[in-house]
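The values are calculated or read from the model by the stated rules, or taken from the named source; none is laboratory data. All values reported here derive from a predicted model rather than from experimental measurement. Here Cβ is always computed from backbone atoms with ideal geometry, including for glycine, and neighbour counts include all displayed protein chains. Accessible surface is based on the protein model in full, side chains and every heavy atom, while ligands, DNA and RNA are left aside. Shrake-Rupley method; radii C 1.70, N 1.55, O 1.52, S 1.80 Å.
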Amino acid sequence: MNTYEEAFKGLNGAQKQAVTTIDGPVLVIAGPGTGKTQLLGVRVAHILQKTDTAPQNILCLTFTENGAENMRERLTRFIGRHAYDIKIGTYHGFGSDLIRRFPEAFAETRLQVPADELTKRQILRGIVENLSYHNPIKQLHHHLGDLIGTISEVKRALLDAESLRAIASENNTFLVFANSEVQTIFADVGKMPTTAAKSLLLFEPLLGALQKLVPKDPVHPRFGSLAGVATTQLQQAVTEAQQTNKSTPLTAWKKEWLEKDADNNFVFGGSLKNRRIESLASVFEQYQEALALNGWYDFDDMIIRAIQALETHPELRYSLQEQYLYILLDEFQDTNAAQLRLVQLLSDNPVHEGRPNVLAVGDDDQAIYAFQGAQYSNMLDFYRMYRDVKVVSLTENYRSSTDILTTARNISTQIEARLEKHFEAMSKDLVAANSRLAARTELERCEFLSDVAQYDWIAQQIKKRIDSGTS
């Protein structure tokens, strides 16, 4: 029996379901320690065993270089040297590879040299230095790293200068009318009331007024509108105040959304932030022009340019869709809007009738790259993007004892935005499945005065176990 057959035999029922469902889209919700890496490797080997698919027709994308290396190493054990014929890499690496392989599709953008950190700083320093001192972004002259990060987030969210201006314009319209309502309702209020009854006399009329300002079609549907966010949060605060008979939630909303003007009147906050968005649009535009002028592209452009090439060159898109018959996506909870769009373009061939052979593996509870634009909702978008998606939940944990899993479950269920709530029959209640682990675990809660003290304690615990013979 070869390694693949041994690995396949060792899979549990849910893992086998994800491995053998090779026709159509599959979404695997894989909690920690449930063997997702093993699943991915066995699935690739299974496709090669059960179909006439060549290794070159399989694409595996993950979030980090380390993840890609681990996947290839495992595949090598299953299928030998053919693992090097499978395209395995990161989203950015795949985009960079397209730029290299199909230069004709990127000729109009003259992408030649990737821009390093120093180059990006030099470009932005020149732009910021030429801004008026009244420009709200001028103060970032000494914080160019923050500006670089913001521009990166804009790209990962698939926004551009025009989108930023449209969002700022929509925000401004809301702020003008919202301020008018606030000034009318709070005209004679010098100090906020402290009881729920009196507070609700102010905030219930304000809620009614704001609800009329929410646009039916936001300029950027993915993010909604400022009016929609403010109104939704106020609705929640009003409801909680009515149920608890406490003004605390209304006070919290007020601190978040209202401020005082020069005449000591309450006004809707956010005008400065909105002017920053307007200014950012111009800076972003100049930054992109400087890159294009010199034939440079930054890290995020590897994906953005790939998306643009696939959108404007259907022959390239169809060729890649023909090449990659099976797509596997690891750590899908950490993908952002740009990466999701890339996947969509690689799989939306009409011949699939909305059911391409794409498998995405992820766990919304393990989403750690929100600072890079990642959104766990991309997993929900994946489910909605295709037709008849097979959802498989891995719940057998091979890494931890029952005590640890129960404690983790008690913490994770406090998270309000969880994928589990969108699938009625899905359970993410992990079960300890490794009989070699101790049935019970000693859990200890420790508090430290500093990070250094915490790290020292952890290191000492590890040393004690090594000294006592633990591998």
task = Could you look through the range 307-356, keep only residues that are of a type in the set (Ser, Thr, Tyr) and more than 14 Å from the chain's Cα centre (by Cα), and pick out the one that is farthest from residue 48 (Cα to Cα)?
result = 312
query = Just one of the numbered conditions (1) outside any helix (DSSP H, G or I); (2) open to solvent by less than 60 Å² (accessible area, probe 1.4 Å); (3) hydroxyl-bearing (Ser, Thr, Tyr) is not true of residue 194; which one?
reply = (2)
request  = Go through the range 234-263 residue by residue and tally those that are within 11 Å of residue 196 (Cα to Cα), in a helix (DSSP H, G or I) and charged (D, E, K, R).
outcome  = 1
ask   = Within the bounds of the range 46-55, is there any residue that is closer than 24 Å to residue 400 by Cβ, open to solvent by 10 Å² or more (accessible area, probe 1.4 Å), of a type in the set (Lys, Arg) and assigned to a helix (DSSP H, G or I)?
value = no
request  = Restricting attention to the range 209-229, report how many residues are more than 30 Å from residue 160 (Cα to Cα) and exposed (fewer than 12 other Cβ atoms within 10 Å of the Cβ).
outcome  = 0
key: Some residue of the range 230-240 being under 22 Å from residue 169 (Cβ atoms) and exposed (fewer than 15 other Cβ atoms within 10 Å of the Cβ)   = yes
inquiry  = Just to be sure before I move on: is residue 76 under 30 Å from residue 49 (Cβ atoms), among the polar types (S, T, N, Q) and without any contact (Cβ under 8 Å) to a residue 24 or more places away in the chain in the structure I sent?
reply    = yes
remark   = Flagged pairs (Cβ under 7 angstrom, 6 or more apart or on separate chains; first in the range 246-269, touching a residue at least 60 places away in the same chain (Cβ under 8 Å); second surrounded by fewer than 18 Cβ atoms within 10 Å (Cβ to Cβ) and among the β-branched types (Val, Ile, Thr)) are 266/189
note = Scanning the range 438-469 residue by residue, those more than 32 Å from the chain's Cα centre (by Cα), hydroxyl-bearing (Ser, Thr, Tyr) and open to solvent by less than 80 Å² (accessible area, probe 1.4 Å) turn out to be 441
request  = Confirm whether residue 328 is open to solvent by less than 10 Å² (accessible area, probe 1.4 Å) and in a helix (DSSP H, G or I).
outcome  = no
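To keep it simple, each residue is scored yes or no on (1) at pLDDT below 90; (2) farther than 24 Å from residue 394 by Cα; (3) assigned to a helix (DSSP H, G or I).
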position: 319; (1), (2), (3): no, yes, yes
position: 343; (1), (2), (3): no, no, yes
position: 359; (1), (2), (3): no, no, no
position: 365; (1), (2), (3): yes, no, yes
remark   = Counting only residues that are farther than 30 Å from residue 160 by Cβ, open to solvent by 40 Å² or more (accessible area, probe 1.4 Å) and touching a helix residue (DSSP H, G or I) at 6+ places or on another chain (Cβ under 9 Å), the range 262-285 contains a total of 1
request  = Would you check if there is a residue in the range 5-15 being surrounded by fewer than 17 Cβ atoms within 10 Å (Cβ to Cβ), in contact (Cβ under 8 Å) with a residue 60 or more places away in the chain and under 25 Å from residue 91 (Cβ atoms)?
outcome  = no
key: Evaluation of residue 169 against (1) part of a helix (DSSP H, G or I); (2) under 30 Å from residue 151 (Cβ atoms); (3) open to solvent by less than 40 Å² (accessible area, probe 1.4 Å) (one fails), failing number   = (3)
note = When residue 162 is run through (1) at pLDDT below 95; (2) farther than 30 Å from residue 206 by Cα; (3) assigned to a helix (DSSP H, G or I), the failure sits at (1)
message = For residue 134, only one of the following conditions fails: (1) within 25 Å of the chain's Cα centre (by Cα); (2) free of Cβ contacts under 8 Å to residues at least 60 places away in the same chain; (3) open to solvent by 90 Å² or more (accessible area, probe 1.4 Å); (4) over 21 Å from residue 298 (Cα atoms). What is its number?
response = (1)
ask   = What tally of residues in the range 118-155 results from selecting those that are modelled with pLDDT of 90 or more and not in a loop (DSSP other than H, G, I, E, B)?
value = 25
query = When you go through (1) surrounded by 12 or more Cβ atoms within 10 Å (Cβ to Cβ); (2) within 30 Å of residue 143 (Cβ to Cβ) one by one for residue 118, which number turns out not to apply?
reply = (1)
query = Could you list, in sequence order, the residues of the range 438-471 that are assigned to a helix (DSSP H, G or I) and hydrophobic (A, V, I, L, M, F, W, C)?
reply = 452, 453, 457, 458, 459, 462, 466
